[in-house]
1. Hey, got the dipole for region 359-515? About the Cα centre, +1 on K and R Cβ, -1 on D and E Cβ, debye to the nearest 20?
2. With θ set to phi - 60° and the Karplus curve 6.51 cos²θ - 1.76 cosθ + 1.60, what are the ³J(HN,Hα) couplings of region 444-453 in order, to the nearest whole Hz, using x for Gly and Pro?
3. Once each part is reduced to its C-alpha centroid, what is the distance from region 71-94 to region 328-378 in angstrom?
4. When only Cα pairs under 8 Å and 6 or more residues apart are kept, what is the percent relative contact order across the chain?
5. Positive end of the dipole of the chain, charges at C-beta (+1 Lys, Arg; -1 Asp, Glu), about the Cα centre: which of Ile222, Gly91, Val289 has its Cα farthest in that direction?
6. So for the pair Thr123, Met66, with labels modelled 7 Å out along Cα→Cβ, what separation do we get in nm?
7. What lysines does Lys463 reach when the alpha-carbon gap must be under 19 Å and sequence neighbours fewer than 8 apart in one chain are set aside?
8. For a quick protection proxy, order the peptides 426-432, 1-7, 239-245, 171-177 by their average other-Cβ count within 10 Å, most packed first.
Amino acid sequence: MRRSKLPIGIQTFRKIREGDHYYVDKTGFALRLIDEGTHYFLSRPRRFGKSLFLDTLAELFEGNAMLFQGLEAEQRWDWSRRYPVIRLSFGGGVIQDRAELDRRILALLHNNQVALGVRCRDTTDIVSCFSELIEGAHAATGERVVVLVDEYDKPILDNLTDPATAKVMRDGLRNLYSVIKDSDAHIRFAFLTGVSKFSKVSLFSGLNNLKDITVDARYSAICGYTEADLDRVFAPELEGLDREQLRVWYNGYNWTGEAVYNPFDVLLLFDARQFRPWWFETGTPTFLVEVLTERGYFTPDLAEVRASEALISTFDVQNMPSEALLWQTGYLTFTGSRQIGARWEYSLGYPNLEVETALNDALLKGLMGDAMQAERAVSRLYDVLVAADFDALRQHIASLFAAIPSDWYRNNPIAQYEGYYASVFYSHLAALGLDLVPEDASHHGRLDLRLRFNGRIWLFEFKVVELAPEGTALAQIKARGYADKYRAVGLPIHLVGIEFSRERRALVGFEVETLPA
């Protein structure tokens, strides 16, 4: 089979098409959007192909027919009409104050003036210049304008650790975006993309005619690669790769429709032929880890989150629910939905193994306060589990918590939460990428954690002795018959009761009982 070039890091449609790169045809989505509406908003995680899709729209509206040969749009688009396109992108660099933001916006407007041959009378006033640019381009060409905004929210996201600056950025961008609504008579099509879904009230003000297609089954695969895309476009690259492993590692992102692979991961895998957390490594979510640890988030809950549509769509500088933050940044994805009366409820979980292991590794380091100790502990834990050495497991858990600096306990209120110890141990195991089920449900109740590994089943129950009598962890596993659902599997079952003292900050109880296969 003929091989093409891998478009790693390329966000320019022309460069891909003229450079003999693989290209997954997304022009069908573009045509549908154009046929059915005029103003759209799309949120997707970073490095998911948003910029490439926007550039594809630009080339389509500019009538560059040669780039679309063999694609769905070739026969369905009217190439005799060319539209003026205004492009605004905040993807480059970090903007740290309002003056810098205004300079960036004015520079973008200047670039578009040059490209379209339109000059603003007042080049220092953002609102009037943007309005003039839109109206002038319409008048000069006789065609209404296409406005494409990429990374619309980046100046805000880059400053989330400083809410005051983030709010200033939000106000400056709202000043810019308000022009799009006011210039509606001159606009043929508008498309805004970013990572987050800031509320329309807080950022877009009067721009209430944007159709949000973020959670729309019809556009779930507008960015990313489907299973069919891999077979049709990347067949030459699949040889020698375990397809199921590929699916487990990188597939699973879903916006209530067809699931997709992370395109950045897939391309890096095809290039290096190694399964690694390629996407995660490009941007460790330091801010996210800090938020979750400060709020005392119970990390086993990450495997299965339930949230209303209103909650996950609530996102502003002063109000960032953990669930919304995790979903919008791509660390959780939709696993199901249901309608409850007048409201929709969504189930969220890890999209794939890459995110589960890498995120929990980062969270473990945040929970322990010592990244190096956490790194060493993960490696040791694997060896202990392979050997099924219970004395070593007890010692490992004791050492794990003993290694946490005392200053960290004093300065971090999360250590006072009952779920802190279970969170550390869960993220410790999840960082290994093992077969885990937290809050494992049966008709007897909910077991804290189930692990299936190396031909054995491990059932863990955690207790904090200040909240429950000592010696009750293992007793609860047995009394509630948590092992019953696994007896038919035919594997040894280890019942493990683990007890911690919040006051002593240490392991104080560890009991094991093994049921033979």
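1. Details: 17 positive and 20 negative charges, 37 e Å.
Charge dipole, region 359-515, about its Cα centre: 180 debye, nearest 20.
2. So the J values, rounded to whole Hz, are 8, x, 10, 7, 4, 7, 10, 10, 10, 7.
3. 35 Å
4. 11 percent
5. Ile222
6. 3.2 nm
7. Lys478
8. 426-432, 171-177, 1-7, 239-245
Every read-out reported here was derived from the displayed coordinates using simple, explicitly stated rules and does not represent laboratory data. Computed from a predicted structure; not experimentally measured. Virtual Cβ from ideal backbone geometry, glycine too; neighbours counted across all protein chains shown.
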